[in-house]
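What follows is a short report on a single structure.
The values are calculated or read from the model by the stated rules, or taken from the named source; none is laboratory data. All values derive from a computational prediction rather than experimental measurement. All Cβ positions, glycine included, derive from the backbone under ideal geometry; neighbour counts span all protein chains shown.
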Amino acid sequence: MRWHRRPDFKVSLPLVVTLAAILLGGCGLGKQSTLSPAGPVAQAQLSMLYESLAIMTVIFLVVLGVFVYSLIRFRARKTDQALPKQVHGSTALEIAWTIVPIIIIVVLSITTVHYAFALGTPQTGKGTVQVQVIGHQYWWEFRYPGTGVVTANQLHIPVGEKVNFSLQSADVIHSFWVPELGGKTDLIPGRTNNLWLEASRPGLYYGQCAQLCGAGHAYMKFTVLAQSPADFQKWLRHMRHDTVSATTPAEKAGLALFKQNCATCHTIQGTPFHGTVGPNLTALAERPTIAAGTLPNTAEGLAAWLRNPPAVKPGARMPDLGLSQGQIQSLVAFLQALK
Ligand code: CUA
C-alpha cells in the first residue's frame, strides 16, 4: 500500500475564473477608489500612502539586495574544506536593526498623527458647511443644522468648500467613508467624532459603511452629490418646502396608502408625516438610489423594495407590509412624485 500518495487535485479553470471575478469585482464597482482623489483630504491621504510605500520599497530593495548578495557571495563551493566561521550575536548589528526601524516608525507616526489631528479638527471660515451624520442599521441620516433640512442616503455638498461632519450612531458602530473624498471615521454610540472633507470638482461620489455592523452592512451605502455653491443653496431652499404633489388618481391613492402604512416611520417635509424610525423621504424621487444604495430609484426598484424589504436587503428594519400589486403601484406613483 502507498501511504504517501498525493491526492488527485485538479485546478478547475472555471472555478479559478469565477473566484477571480468575485475577488476583482469589488475593485471596479461603484467608483470607490482612494487612488483617484477628488479633494484635498483624499489627496493628503493618498500622499501619505505613497510616502509609506516609498519607505517600504527602499527597505524591500535593501533587504532583497543583501539577501541576493549573500546567496551568491557566500554560496557553498566545491573547494570549501570546512564550515565557514560561525557567528553568534553581533552587538553592532543588533543596535543597528533596532535603531533604524525606530527612526522609520517615528517618521511615519509623526505624519500619521499630524494628519489624524488635522482631519479631526472642525474647520472654520467662509462657506464652511456643517453636516450631522447619524448611522442607522442600515442607512444614513444627514442633517443640516440650522436649516431644518434632513435627508437620507444622499448627501449634498458645495464644491470647493470645507464640510464639517459630526458623526454619531443611533445603534452600533458604523464607519463613514467616501474613498474619492477621504475618510474614514467611525460613528460610535454615545460619542461624537469629527471629520472634514472637501470636493474639488462637481460630481457624484460613492460612500460606504466601512465597519461591519450587521447583516445589512454591505448594503449601507450612500451617494455624495457635489454641486456648485449656488445649486447647493438652491437645494437647501427646495428641501424646506413641501415636495408632495399628488395629482393623478394613482398618486392620490398612494398618498392615502402612505398615510396609513408609512407615515408612522417616515417624514416628508411640509406634510403631517413626521415618523423618525426610518429614513426621511423628502424629495425622494431626486435621489439616484433607494434603500441606502441597494436598488436604483426606478419604478421597478421601488416596487421590488415595497414588495418585501428584508428579501432585498438582509436585516432591513422595514417590514413586508403585505401590500397588493395595485397598492404597490399606487405607492410607487406617489413616491415618484416626491420632488
Ligand atoms: Cu453600518 Cu456597516
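So is Ala226 in contact (Cβ under 8 Å) with a residue 60 or more places away in the chain, among the small types (Gly, Ala, Ser) and away from the ligand (no atom under 16 Å from the Cβ) or not? Talk me through it step by step, then tell me what you get.
Values: in contact (Cβ under 8 Å) with a residue 60 or more places away in the chain: yes; among the small types (Gly, Ala, Ser): yes; away from the ligand (no atom under 16 Å from the Cβ): yes.
Answer is yes for this residue.
If Trp140 passes every condition in (1) over 15 Å from the mean Cα position of the chain (by Cα); (2) within 12 Å of the ligand (Cβ to nearest atom) but one, which one does it miss?
For Trp140, the exception is condition (1).
Answer yes if at least one residue in segment 212-221 is crowded, with 19+ Cβ neighbours inside 10 Å, closer than 28 Å to Asp171 by Cβ and more than 16 Å from the ligand (Cβ to nearest atom), and no otherwise.
Looking only at segment 212-221, we keep the residues that are crowded, with 19+ Cβ neighbours inside 10 Å, and these are 213, 216-217, 219-221.
Now narrow it down to the ones that are closer than 28 Å to Asp171 by Cβ: 213, 216-217, 219-221.
Checking which are more than 16 Å from the ligand (Cβ to nearest atom) leaves us with none.
For segment 212-221, residues crowded, with 19+ Cβ neighbours inside 10 Å, closer than 28 Å to Asp171 by Cβ and more than 16 Å from the ligand (Cβ to nearest atom): absent.
Here's the yes/no breakdown for (1) over 14 Å from Gly160 (Cα atoms); (2) more than 16 Å from the ligand (Cβ to nearest atom); (3) touching a helix residue (DSSP H, G or I) at 6+ places or on another chain (Cβ under 8 Å); (4) assigned to a strand (DSSP E or B):
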| position | (1), (2), (3), (4) |
| --- | --- |
| Lys184 | yes, no, no, yes |
| Asn194 | yes, yes, yes, yes |
| Leu204 | yes, yes, no, yes |
| Lys234 | yes, yes, no, no |
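Among the residues of segment 201-211, which ones are under 18 Å from Glu180 (Cβ atoms) and either without any contact (Cβ under 8 Å) to a residue 40 or more places away in the chain or surrounded by fewer than 20 Cβ atoms within 10 Å (Cβ to Cβ) (or both)? It would help to see each step written out before you state the result.
Of all residues in segment 201-211, those under 18 Å from Glu180 (Cβ atoms) come to 201-210.
Residues satisfying the conditions are Arg201, Pro202, Gly203, Leu204, Ala210.
Check Gln260 against each of (1) surrounded by 14 or more Cβ atoms within 10 Å (Cβ to Cβ); (2) part of a helix (DSSP H, G or I); (3) over 30 Å from the mean Cα position of the chain (by Cα) and name the one condition it does not meet.
So the condition that Gln260 fails would be (1).
Counting only residues that are under 29 Å from the mean Cα position of the chain (by Cα) and of a type in the set (Ser, Thr, Tyr), how many does segment 224-251 have?
Of the residues in that region, 2 qualify.
Is there a residue in segment 76-98 that is without any contact (Cβ under 8 Å) to a residue 40 or more places away in the chain, under 41 Å from the mean Cα position of the chain (by Cα), assigned to a helix (DSSP H, G or I) and farther than 30 Å from Glu161 by Cβ?
Scanning segment 76-98 turns up at least one residue that is without any contact (Cβ under 8 Å) to a residue 40 or more places away in the chain, under 41 Å from the mean Cα position of the chain (by Cα), assigned to a helix (DSSP H, G or I) and farther than 30 Å from Glu161 by Cβ.
Do we have Pro279 as closer than 20 Å to Thr147 by Cα and within 16 Å of the ligand (Cβ to nearest atom) here?
When the stated conditions are applied, Pro279 passes them.
Rundown of residues vs (1) buried (at least 19 other Cβ atoms within 10 Å of the Cβ); (2) in contact with a strand residue (DSSP E or B) (Cβ under 8 Å, 6 or more places away or on another chain); (3) small (Gly, Ala, Ser), yes/no style:
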residue: Leu255; (1), (2), (3): yes, no, no
residue: His266; (1), (2), (3): yes, no, no
residue: His274; (1), (2), (3): no, yes, no
residue: Val277; (1), (2), (3): no, no, no
residue: Leu281; (1), (2), (3): yes, yes, no
residue: Ala291; (1), (2), (3): yes, yes, yes
residue: Thr294; (1), (2), (3): yes, yes, no
residue: Ala311; (1), (2), (3): no, no, yes
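Exactly one of these conditions fails for His266: (1) at pLDDT below 90; (2) within 29 Å of the chain's Cα centre (by Cα). Give me its number.
Among (1) at pLDDT below 90; (2) within 29 Å of the chain's Cα centre (by Cα), the lone unmet condition for His266 is (1).
When Ser166 is evaluated against the numbered criteria (1) of a type outside the set (Asp, Glu); (2) within 15 Å of the ligand (Cβ to nearest atom); (3) surrounded by fewer than 22 Cβ atoms within 10 Å (Cβ to Cβ), which criterion, by number, is the only one it fails?
(2)
Between Ser200, Ser175, which is among the polar types (S, T, N, Q), within 14 Å of the ligand (Cβ to nearest atom) and either at pLDDT 95 or above or closer than 23 Å to Ala316 by Cβ (or both)?
Ser175
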